[in-house]
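Please treat every number below as a calculation from the coordinates, not as lab data. What you see is a predicted model; the values in this text were computed from it and never measured. Neighbour counts run over all protein chains shown; Cβ positions are idealised from the backbone, glycine included.
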Amino acid sequence: MEEQCIGIDLGGTNIRIGLVNETDEVGDLLYLSVKEYSSWDELLIKLISIIRKMEVDRLKAAGIAVAGGVSLPQGVVSYSPHIRWIDGQPIKESLARAINLPVWIDNDANAITYGEWMYGAGKGLSSIICLTLGSGVGGGIILKGKLYRAEDGLGGEIGHMCVQPNGRPCRCGKRGCLEAYSSGTAVSTIYRETSQNGQIDNRLNPVQIYERAVGGDKRALGVFNTLGVHLGIAIANLVNVLSTHHYIIAGGVSHAWELFFDPLEEALEANLFNPHKGRVKVFRGQLGDKAGVVGVARMARDYLKSKIQ
Ligand SMILES: [Zn+2]
């Protein structure tokens, strides 16, 4: 009987749930919306009811990726700017007890990075840095075959790197963070701010702004140009510090790739320390929506085999 692991990707907006088999094929994802829940206990009840309908005998482990910092090995969310009600919750322990399976918990960007590294755009590379563009901007760093966590689980928070001194306000309270320029939220906000008739544009989401840009709307094109420029500056800073040459852009906003890649490359090259010029490769993520689910399910399995700590 083939064994399976459950992957749960608890992002800032959507919750994605999928089953991953031994060859890491992932079935169709089940989607829930974060805004329908107001506490971890509420969501936990829903997760238990979903998991009990699965073929429980085949399940070996569960992985849950959350949008926020995670204290390992306790599995407590230390800081989540997007889902306040999971701050301080003992997610790993309560989920493991409820479903009677070993559980691995990690940051959602780390899970996406792990998924893209194992099966997607980063396959076969020993060092990659992945930037996830969604509601916010997350990041994951694999250095010489190991996920870099730092000491408090907040390693790789690239979204809060300053790319513009005294720049746009960020949800974290600082100014000029990458997230304030290159997230889906930033796309909507910047477009609205440059609007002549804010009332109508107020309702536009990043997908609609993307469609306008593709249709030739100059303001919309400008938003994606700004996104690319700041992403290029951030990647150049990472290259200059870490001397790693492979980068992956994942997350929903990466669908607008053709609109931001040229300004990204131009800003990247302009800000690189000379020895790195012409050597940095930026790839688009290959796993789409499934990256976090596959990544965290694979982490759960590797964790059981004690491959990662
Ligand atoms: Zn910030």
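Can you check what the net charge comes to around residue 134, using other residues whose Cβ is under 11 Å from the Cβ of residue 134 (Lys, Arg +1; Asp, Glu -1)?
-4
Subtracting the Cα-Cα distance of residue 217 and residue 22 from 0.36 nm times their residue separation leaves 65.6 nm of extension gain. Diffusion of the chain by Stokes-Einstein, at 20 °C in a medium of 1.002 mPa s and with Rh set to the Kirkwood radius over alpha-carbon pairs, works out to 109 µm²/s.
With a simple spin-label model that places each label point 7 Å from the Cα along the Cα-to-Cβ direction, the separation between residue 284 and residue 48 comes to 4.3 nm. Here the relative contact order of region 123-286, from alpha carbon pairs under 8 Å that lie six or more residues apart, stands at 22 percent. Only beta bridges with both residues in the chain are counted; by DSSP, about 55 percent of them are antiparallel. Simple point charges give the picture: +1 on the Cβ of Lys and Arg, -1 on the Cβ of Asp and Glu, and for the chain a dipole about the Cα centre of about 380 debye. Placing a pseudo-label 7 Å from each Cα along the Cα-to-Cβ vector at residue 3 and residue 242 gives an inter-label distance of 3.0 nm. The local environment of residue 166, defined by Cβ-Cβ distances under 12 Å, has a net charge of +3 under the rule Lys, Arg +1 and Asp, Glu -1. Are there DSSP H segments in the chain that both extend 24 Å or more along their axis (alpha-carbon positions) and score a mean Kyte-Doolittle hydropathy of at least 0.5? List them, or say none. Correct list, ordered by number: 218-242.
Highest average first, the peptides 72-79, 232-239 ordered by how many other beta carbon atoms sit within 10 Å of their residues are 232-239, 72-79.
When the Gaussian network model of the chain links Cα atoms closer than 10 Å, the mean-square fluctuations of 48, 17, 209 top out at 48. The gain in end-to-end length when the residue 55 to residue 255 segment is fully stretched comes to 68.6 nm, 0.36 nm per residue minus the alpha carbon separation. Calculated mean residue ellipticity at 222 nm for the chain: -11500 deg cm²/dmol, from DSSP H runs with n ≥ 4 weighted as -39500 (n - 2.57), summed, divided by the residue count and rounded to 500. Applying 1/(1 + (r/R0)^6) with R0 = 22 Å to the Cβ-Cβ distance of residue 274 and residue 126 gives a FRET efficiency near 0.40.
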